[in-house]
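Take a look at the structure below.
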Amino acid sequence: MLRLGDESVNFYLLEQDGRYTLFDAGLPAHYEQLLAVLADRGADISAVDAVVLTHAHPDHIGIAERVRSEANAPVYVHADDARYATTHEQAPSERPATDYMNHAFARATFESAMASGVAPIPVVQEVQTFGDGDVLDVPGQPKVIATPGHSPGQSSLLLSEYGVLIAGDTLEGFNVLTGRYGPQVGPDGTNFSTEQALKSLERIEAIEADLLFGHGNPWTWGTKAAVASARALGRS
Ligand SMILES: [Zn+2]
């Protein structure tokens, strides 16, 4: 499993028998990074078989359309997030993200987002939808565990063979608006429903796997400890 992105946004590339699945799709500026990583391995964009999205927020779909069209690879997303992947519509959040501007961390995040030109993210022209319990027939054979809350279709993807759970933003390693450290659910300013996000943690806490977050470093101390952290930290 290869980690792509930058210090604030992660996405992942898995190789199986020379074929690749991209889990989430970062920001538009990350396309060259993907090409470089593939080239290092003697491959090119045509080796990518699929893009699987944990959810359809802009910082997770950045290069999805470009990979779809260049690699002729399907883009998979939970049915409840499909409209947010294919249009510029955004799921509402509980609180405006601008409420967090008293945090220097939030101001820095917004400034760097403006500088790298987060908007507009190209929408995905065509998606394949999945639902809870589906096992996708793509490299890695991810099993979908619906963990809604951060977005309506937020999903966690279990790669049993690798002992890895790709959490996307079901859990985040740090708080993207306040900088608070430790596994936690996203802040209200980014969540469709924080209450639902906290409830969804029940669906992953018994799974034995390492966690890969959409934001923050990999967590190798198990889902149980990560969920306990998220409950202790609570909403923000
Ligand atoms: Zn995110």
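The values are calculated or read from the model by the stated rules, or taken from the named source; none is laboratory data. Quick caveat: nothing in here was measured; it's all calculated off a predicted structure. Cβ: placed from backbone, ideal geometry, glycine included. Neighbour counts: every protein chain shown.
Structure notes:
- Filtering region 150-190 to residues that are within 13 Å of the ligand (Cβ to nearest atom) and in a loop (DSSP other than H, G, I, E, B) leaves His150, Ser151, Gln154, Asp169, Thr170, Leu171, Asn175, Val176, Leu177, Val185, Gly186, Pro187.
- Pairing residues of region 181-202 that are modelled with pLDDT under 95 and surrounded by 21 or more Cβ atoms within 10 Å (Cβ to Cβ) with residues that are part of a helix (DSSP H, G or I) and among the acidic types (Asp, Glu), at Cβ distances under 6 Å and at least 6 apart in sequence or on separate chains, gives no pairs at all.
- The condition (being away from the ligand (no atom under 16 Å from the Cβ) and over 25 Å from Thr21 (Cβ atoms)) is satisfied by just one residue among Gln141, Gln196: Gln196.
- Of all residues in region 63-80, exactly one satisfies the criterion of being within 15 Å of His30 (Cβ to Cβ), without any contact (Cβ under 8 Å) to a residue 60 or more places away in the chain and under 15 Å from the mean Cα position of the chain (by Cα), namely Ile63.
- Test: residue in region 66-74 that is on the phi < 0 side of the Ramachandran plot and within 16 Å of the ligand (Cβ to nearest atom): no
- Qualifying residue in region 15-38 (condition: part of a strand (DSSP E or B), out of contact with any strand residue (DSSP E or B) (no Cβ under 6 Å at 6 or more places or on another chain) and surrounded by 15 or more Cβ atoms within 10 Å (Cβ to Cβ)): yes
- Some residue of region 199-218 being away from the ligand (no atom under 14 Å from the Cβ), assigned to a loop (DSSP other than H, G, I, E, B), hydroxyl-bearing (Ser, Thr, Tyr) and over 21 Å from Asp49 (Cβ atoms): no
- Count of region 123-143 residues which are in a loop (DSSP other than H, G, I, E, B) and either out of contact with any Phe, Trp or Tyr (no Cβ under 8 Å at 6 or more places or on another chain) or at pLDDT below 95 (or both): 10
- Taking (1) without any contact (Cβ under 8 Å) to a residue 60 or more places away in the chain; (2) under 18 Å from Gly149 (Cα atoms) in turn, Ala225 satisfies each apart from (2).
- Put simply, of Pro152, Pro96, Pro148, Pro139 the only residue that is surrounded by fewer than 17 Cβ atoms within 10 Å (Cβ to Cβ) and not hydroxyl-bearing (Ser, Thr, Tyr) is Pro96.
- Contact map, region 144-165: first residue among the hydroxyl-bearing types (Ser, Thr, Tyr), second residue more than 16 Å from the ligand (Cβ to nearest atom) and part of a loop (DSSP other than H, G, I, E, B), Cβ cut-off under 6 Å, separation 6 or more or different chains; pairs are Ser156/Ile204.
To keep it simple, each residue is scored yes or no on (1) out of contact with any Gly (no Cβ under 6 Å at 6 or more places or on another chain); (2) within 15 Å of the ligand (Cβ to nearest atom).
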{"site": "Leu4", "(1), (2)": "yes, yes"}
{"site": "Phe11", "(1), (2)": "no, yes"}
{"site": "Leu14", "(1), (2)": "no, no"}
{"site": "Leu35", "(1), (2)": "yes, no"}
{"site": "Arg41", "(1), (2)": "yes, no"}
{"site": "Ile45", "(1), (2)": "yes, no"}
{"site": "Asp49", "(1), (2)": "yes, no"}
{"site": "Leu53", "(1), (2)": "yes, yes"}
{"site": "Gly62", "(1), (2)": "no, yes"}
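- Restricting attention to region 156-174, the residues that are of a type in the set (S, T, N, Q) and surrounded by 24 or more Cβ atoms within 10 Å (Cβ to Cβ) total 2.
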